[in-house]
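I have placed the structure first, in the form of structure tokens, so that the comments after it can refer back to it.
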Amino acid sequence: MAAALLCTAAACQDLRTPMGVPEDDADMNRSIARARAEVATFIERLERPAAGDRLFALRAPVRDGVHVEHFWLDGVRYRDGSFEGSIANDQEFVRTVKFGDRLRVARDEISDWMFVENNRLVGGYTLRVMLDRLDAEERKAMLASFDFTIE
């Protein structure tokens, strides 16, 4: 169950399986609110990356009937108040999208964002919540699969 915490193609090829979280999860909802409140930081760096910035990714919900899944997008661009990127993890419940599909999402509908600055994760608030919930062995394996650090 330690899958799909972060699934940008460049970061972890082997972690494309989804991981479910209930919609009323308080910790996850706080992390989503924080990501939305701080999204200007992501936009600024996405549009004007500093030396050492890489792996820009965004997380966004997709609704399909009663099902909602949050997908990581890579190859992200921002324009006219919306983000566009390619779905970078496999779906579990939602059948209207699949890995590699392009998705457009409004700025105020994102659920997370991240980039790596000098090999250190910036953002990734939902990722941090999910990592904290793994047992020690799963967490160690997940962290070892990343080519950046999480402080």
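The values are calculated or read from the model by the stated rules, or taken from the named source; none is laboratory data. All values derive from a computational prediction rather than experimental measurement. Neighbour counts run over all protein chains shown; Cβ positions are idealised from the backbone, glycine included.
Go through the range 47-151 and tell me which strands (runs of 3 or more DSSP E), entirely inside it, have 1 or more residues that are in contact with a His (Cβ under 8 Å, 6 or more places away or on another chain) and within 22 Å of Asn29 (Cα to Cα).
53-64, 112-117
Looking at Arg54, Arg45, Arg59 in this structure, which one is among the basic types (Lys, Arg), within 16 Å of Thr126 (Cβ to Cβ) and modelled with pLDDT of 95 or more?
Exactly one residue qualifies, and that residue is Arg59.
Counting only residues that are surrounded by fewer than 20 Cβ atoms within 10 Å (Cβ to Cβ) and either under 12 Å from the mean Cα position of the chain (by Cα) or farther than 15 Å from Asp74 by Cβ (or both), how many does the range 92-120 have?
Count: 13.
Is it the case that some residue within the range 74-84 is touching a residue at least 40 places away in the same chain (Cβ under 8 Å) and within 13 Å of the chain's Cα centre (by Cα)?
Yes, some residue in the range 74-84 is touching a residue at least 40 places away in the same chain (Cβ under 8 Å) and within 13 Å of the chain's Cα centre (by Cα).
Return the pair list, or none, for Cβ contacts closer than 7 Å from residues in the range 123-139 that are at positive phi to residues that are in a helix (DSSP H, G or I), at least 6 apart or on different chains.
What qualifies is Gly123/Ala35; Gly123/Phe42.
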